[in-house]
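Scroll down for the structure; my scribbles are underneath it.
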Amino acid sequence: DAKTTQPTSMDCAEGRAANLPCNHSTISGNEYVYWYRQIHSQGPQYIIHGLKNNETNEMASLIITEDRKSSTLILPHATLRDTAVYYCIGRNRDDKIIFGKGTRLHILP
Amino acid sequence: NAGVTQTPKFQVLKTGQSMTLQCAQDMNHEYMSWYRQDPGMGLRLIHYSVGAGITDQGEVPNGYNVSRSTTEDFPLRLLSAAPSQTSVYFCASSYSRLAGTPINEQFFGPGTRLTVL
């Protein structure tokens, strides 16, 4: 399984960039890294995914280290609405998609 | 598209009762899955399916049954509810690796909040 490790919680000031790290040292070469977030008690929402190269979309940027053992999700200008639990996950060969406990991100006004 | 729909939104059961949580998607996704989320915890995978007629166990399958007779529907059955099954249940769907689509984000339903007394 592509197990991931994330900090339990993080704080970020509103308007600053939020950088959320994830360790996925057991990920295999062809497995993508996905990021989701869960706001309050809603269903998780997809943010971004990547394999080797850095990725950017309208929500966030994803920086993956060259050895693929870790990645960082960047929210460039955090707002209060970005307060959520952020999950970093890998998709295994057998399609078993395992979520960890995620990082609880607090955006401070 | 309605996306992923789940019914009911809320349910209260007594210990020993049975019920089925419904999940449906209209995106022609091959992959569907069920997760449970306990207070303050992350999501734990219960069962998943990579296509009609194919199901497999996740992290916490005990006490739950699933079947996948159609692409659209993936019901989750509790045969004899226990208080330990009090949780929020999320259904999700995506394209499947078997379909040759390597990029596949999961779409989640709004959840079913189940209380077992």
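The values are calculated or read from the model by the stated rules, or taken from the named source; none is laboratory data. Fair warning: this is a prediction, and the values are worked out from it, not measured in the lab. A quick note on method: Cβ atoms are made from the backbone with ideal geometry, for glycine too, and the neighbour counts reach across all protein chains shown.
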Quiz item: So which of A:Ile64, A:Ile39 ends up being modelled with pLDDT of 90 or more and either of a type in the set (Lys, Arg) or under 27 Å from B:Val4 (Cα atoms) (or both)?
Solution: A:Ile39
Quiz item: What is the residue count in the range B:81-102 for residues that are assigned to a helix (DSSP H, G or I) and either at pLDDT 95 or above or surrounded by 14 or more Cβ atoms within 10 Å (Cβ to Cβ) (or both)?
Solution: 5
Quiz item: Looking at (1) over 20 Å from A:Pro44 (Cα atoms); (2) within 14 Å of chain A (Cβ to nearest Cβ), which is the one condition that is false for B:Trp34?
Solution: (1)
Practice problem: Take the residues in the range A:1-16 that are within 14 Å of the chain's Cα centre (by Cα) and at pLDDT 85 or above, then tell me which one is surrounded by the fewest Cβ atoms within 10 Å (Cβ to Cβ). | Solution: A:Thr8
Quiz item: Looking at the range B:11-80, what strands (runs of 3 or more DSSP E) fall wholly within it and have at least 1 residues that are free of Cβ contacts under 8 Å to residues at least 24 places away in the same chain and surrounded by fewer than 16 Cβ atoms within 10 Å (Cβ to Cβ)?
Solution: B:54-57, B:64-66
